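Shown next, in structure tokens, is the structure this report addresses.
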Amino acid sequence: MGTIDAVTLLAAILLAGLGLAVGFGKTLKFFTKGIFGFILSVFVCATFGGMIQGIPAVAEWLGGLNASLGDAWDFLATIHLATVIYYIVLFLVVQVLRILIVKFIVGIFSIDVLAMRIVNRVLGMVLMVAAVLLLTLLVFALIRLFGGDISAALEGSFLGTLYENNPVRFS
């Protein structure tokens, strides 16, 4: 086991311990508030926005609205104002849903019963490690997007395998 793998394993153990200490509810709140919540909402909008926009009723409505706005002013046809408004509204809906869902889940996992406290702690460990792993994949994808290549530095390690087989692609 190389140095990078040892540090990765130690970090995973420390993160699991932190998740065990704070529990699932608090870990979920941490990773869905602030900048993480904003990034999560943008990711959901980018992932599902096109799929929702492909629904025939939504596509017809947006197409008609873009056409009528374009008739009013050519510039609005160029920027597809209705599509911009659609994504802004979708973002706001996703933000509200994210907040409500997190409050509901945190409420469930804060029940003061022994079985729920155990489940809360175990899921906190899993969520903490998984969330940091996903953030690592996102960072690796950003490094690759901006032309960086760290495969030589990570060669032969677990992180090197993650970097080479990263499922997150921006291109």
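State which residue is modelled with the highest pLDDT when the search covers only region 71-84 and only residues that are exposed (fewer than 14 other Cβ atoms within 10 Å of the Cβ) and among the aliphatic types (A, V, I, L, M). Result: V84. Do we find that I105 is farther than 24 Å from V22 by Cβ, hydrophobic (A, V, I, L, M, F, W, C), at pLDDT below 95 and part of a helix (DSSP H, G or I) in this structure? No: the conditions fail for I105.
Could you list all residues from region 86-98 that are touching a residue at least 12 places away in the same chain (Cβ under 8 Å) and either over 20 Å from G124 (Cβ atoms) or of a type in the set (F, W, Y) (or both)?
Y86, Y87, L90, F91, V94, Q95, listed by residue number.
For region 118-132, the tally of residues that are over 10 Å from F24 (Cβ atoms) and in contact (Cβ under 8 Å) with a residue 40 or more places away in the chain stands at 3.
Could you grab me the full set of residues in region 43-65 that are among the aliphatic types (A, V, I, L, M) and touching a helix residue (DSSP H, G or I) at 6+ places or on another chain (Cβ under 7 Å)?
V44, I52, V58, A59, L62, L65
Looking at region 133-163, which of the residues that are assigned to a helix (DSSP H, G or I), of a type outside the set (A, V, I, L, M) and more than 15 Å from D5 (Cβ to Cβ) is modelled with the lowest pLDDT? Write out each step before concluding.
First, the residues of region 133-163 that are assigned to a helix (DSSP H, G or I): 133-145, 151-154, 158-163.
From what is left, the residues that are of a type outside the set (A, V, I, L, M) are 136, 140, 144, 151, 158, 160-161, 163.
Filter once more, keeping what is more than 15 Å from D5 (Cβ to Cβ): 140, 144, 151.
Working: F140: 89, R144: 86, S151: 83.
So the residue we want is S151.
Within this structure, I111 fails the test of being in a helix (DSSP H, G or I) and either on the phi < 0 side of the Ramachandran plot or at pLDDT 85 or above (or both).
The values are calculated or read from the model by the stated rules, or taken from the named source; none is laboratory data. Because the structure is predicted, anything quoted here is derived from the model rather than measured. We place every Cβ from the backbone using ideal geometry, glycine too, and count neighbours over all the protein chains shown.
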